[in-house]
């Protein structure tokens with residue numbers, strides 16, 4: 001028989017998946033049913049949506065476009081050592 | 001230099017031609033400058049060592065990236081076995097009758113009526129970064145690939161050689177920990 005009942009751990013996992021639009025309809029249904037008896041996970045979900053907005057707005061990529069000239073030199077020197085040994 | 005296929009190898013030019021490309025490729029996955037540099041260097045060395053097996057079917061760069069991919073998987077396995085395992089504080093009972101329920105002390109708190117206003121505060125970014133820094137490395141690595149860099153689930157699974165259920169467990173743990181950290185340090189203080 002189809003199991004509707006899920007634990008809070010499973011419910012919050014579904015909620016996390018849904019933040020990336022990766023939860024299935026069946027999972028969303030289970031989550032909704034879980035909310036009827038669990039206000040904690042309903043609150044988690046509300047806050048999780050907020051967290052997604054926070055991530056979107058505040059997570060930035062550090063600049064990591066290239067290695068410095070010195071760093072490349074260092075690899076180059078190590079590299080030449082290896083080549084001369086071969 | 002060997003000629004079988006149409007491509008050939010020129011190791012003396014590797015650093016100039018591919019160091020930046022490989023470094024960016026690595027940074028987008030492991031996020032750590034020092035680690036990325038080491039992995040790129042290891043890739044060049046490994047390439048040098050296995051030049052004989054280059055058949056010229058793929059371009060030089062593709063061939064080097066294939067080596068680098070193995071290095072990244074190895075690195076992920078290393079952080080996974082070292083420290084990535086136990087130190088995430090659990091949010092749910094892991095066994096007994098109430099397995100899967102919220103641990104009492106981990107239950108989400110109400111964030112208060114000023115939560116929306118607090119989300120606009122400029123200092124929030126700094127607090128968030130501190131929280132991400134506190135994540136175990138493997139959680140941070142997967143979480144950033146998924147959330148910041150929009151890698152597809154399939155791609156992450158393939159590149160780190162993990163199952164999709166494993167990936168979601170990691171994302172779930174990272175997110176519950178970040179939610180908790182932001183609650184303690186920002187929303188409910």
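Modelled label positions at residue A:76 and residue B:51, each set 7 Å beyond Cα in the direction of Cβ, lie 1.8 nm from each other. A quarter of the convex hull surface defined by the alpha-carbon atoms of the range B:38-119 gives 11.2 nm² as the mean projection. As a proxy for reagent exposure, B:152, B:31 were ordered by neighbouring Cβ count within 10 angstrom, fewest first; the result is B:152, B:31. The alpha-carbon atoms of chain A define a convex hull whose volume equals 191 cubic angstrom per residue.
Look at the Cα gyration tensor of the range B:69-189: its axes a ≥ b ≥ c give a/c of at least 1.5 with a/b at or below b/c, and that counts as oblate. Comparing mean-square fluctuations of B:146, B:138, B:32 from a GNM of chain B with C-alpha springs under 10 Å, the top value falls on B:32.
Of B:35, B:127, B:107, the residue with the greatest mean-square motion in the GNM of chain B, using alpha carbon springs below 10 Å, is B:107.
Between B:153, B:110, B:176, the GNM of chain B built on Cα springs shorter than 10 angstrom shows B:110 fluctuating the most.
We did not get these values from a lab; they are worked out from the coordinates using the rules stated. Nothing here was measured: the structure is a model prediction, and the numbers come from that model. For neighbour counting, all protein chains shown are included, and Cβ atoms are generated from backbone atoms with ideal geometry for every residue, glycine included.
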